[in-house]
Amino acid sequence: MSPGSRQERTRTALVTGGNRGIGLEICRQLSRAGLQVVLAARDPARGRAAARKLGTGGAPVRVEELDITDSKSVRDCAGRLADSGVEVDVLVNNAGIYPTDAFFSLGEETMGRALDVNLMGAFRTCQAFVPAMAERGYGRVVNLSSGLGGMTDNVPSPAAYGISKAALNALTLVVSAAAPASVKVNAVCPGWVRTDMGGSWAPSSVQQGADTAVWLARLPANGPTGGFFRHRKPIDW
């Protein structure tokens, strides 16, 4: 495939944890923007049910089983996509958990689980998909982080969640430095969003929560990399 034809083909986005909440809305918005979407979910049945909720009016959505805490699952997903001729141009690391234990009540198992999902999950997917982006000369990586992991204005909190998101921010900087300029790697704080995780009293809708992630997923060639964004504007780490 020539460089020109690569530029013209429809881009493909893989969204982890795409079966609900912000992830599902990111799938919806990217599909309606014309990207082919891989809705990745740990439970494929739930993934298929979620894909049916997207309805019509967008580009095709493919459901893939993907457990980001399992290196083999990540490798197998990447292998299935490659064998099918699917090139992942956009990686949205959305899957995450939100433990709220106070530090002195926090057990090692909960801490380890937060790091495994919120940090190592993105580590595994970046290692699986970013090298091919670099080879093709195009890629967008969006890590769903949180201002609760920020180091500038507050202490990361709740403990396990904040520490894991601060580490995800560090991973964002490391991957952006390792990747060529053609691969844009950024983190996003979606804000406090009305989802199962955020609660029904949160001030932002899922549409608002997904907006900046979708914007980062479609950055132009001169777009930023190695940044942290909220409402499409840079914020401090």
Exercise for the section: Could you tell me whether any residue of region 108-129 is out of contact with any Ser or Thr (no Cβ under 9 Å at 6 or more places or on another chain), surrounded by fewer than 19 Cβ atoms within 10 Å (Cβ to Cβ), in contact (Cβ under 8 Å) with a residue 40 or more places away in the chain and assigned to a loop (DSSP other than H, G, I, E, B)? Expected result: no
Exercise for the section: Considering every residue within region 6-14, establish whether at least one is hydroxyl-bearing (Ser, Thr, Tyr) and surrounded by fewer than 24 Cβ atoms within 10 Å (Cβ to Cβ). Expected result: yes
Fill in the blank from the handout: Flagged pairs (Cβ under 7 angstrom, 6 or more apart or on separate chains; first in region 150-178, free of Cβ contacts under 8 Å to residues at least 12 places away in the same chain; second of a type in the set (A, V, I, L, M) and assigned to a helix (DSSP H, G or I)) are Pro156/Leu148; Pro156/Ile163; Pro156/Ala166; Ser157/Leu148
Exercise for the section: Select from region 180-224 the residues that are β-branched (Val, Ile, Thr) and crowded, with 22+ Cβ neighbours inside 10 Å and write down the one among them that is modelled with the lowest pLDDT. Expected result: Val206
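Considering only residues that are among the aliphatic types (A, V, I, L, M) and assigned to a strand (DSSP E or B), which ones fall in region 54-83? Explain how you work it out, then say what you get.
From region 54-83, those among the aliphatic types (A, V, I, L, M) are 54, 59, 61, 63, 66, 68, 74, 78, 81-82; that's our starting set.
Across region 54-83, the qualifying residues are Val61, Val63.
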Exercise for the section: Just give me the residues in region 25-34 being surrounded by fewer than 24 Cβ atoms within 10 Å (Cβ to Cβ) and in contact with a strand residue (DSSP E or B) (Cβ under 8 Å, 6 or more places away or on another chain), in sequence order. Expected result: Ser31
Practice task
Show the residue pairs that are 6+ apart or on different chains and have beta-carbon atoms under 6 Å apart, the first residue being within region 215-237 and touching a residue at least 24 places away in the same chain (Cβ under 8 Å), the second being surrounded by 14 or more Cβ atoms within 10 Å (Cβ to Cβ) and assigned to a loop (DSSP other than H, G, I, E, B).
Solution key: Phe228/Ile235; Phe228/Trp237; Arg230/Cys189
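If you scan region 48-94, which residues turn out to be among the basic types (Lys, Arg) and at pLDDT below 95? Explain how you work it out, then say what you get.
To start, the set of residues in region 48-94 that are among the basic types (Lys, Arg) comprises 48, 52-53, 62, 72, 75, 80.
Scanning region 48-94 gives Arg52, Lys53.
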Practice task
Using the structure shown, decide if Ala51 is under 20 Å from the mean Cα position of the chain (by Cα), assigned to a helix (DSSP H, G or I) and crowded, with 16+ Cβ neighbours inside 10 Å.
Solution key: yes
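The values are calculated or read from the model by the stated rules, or taken from the named source; none is laboratory data. Values in this document were obtained by computation on a predicted structure and should not be read as measured data. Ideal geometry is used to build each Cβ from the backbone, glycine not excepted, and the neighbour counts take in all protein chains shown.
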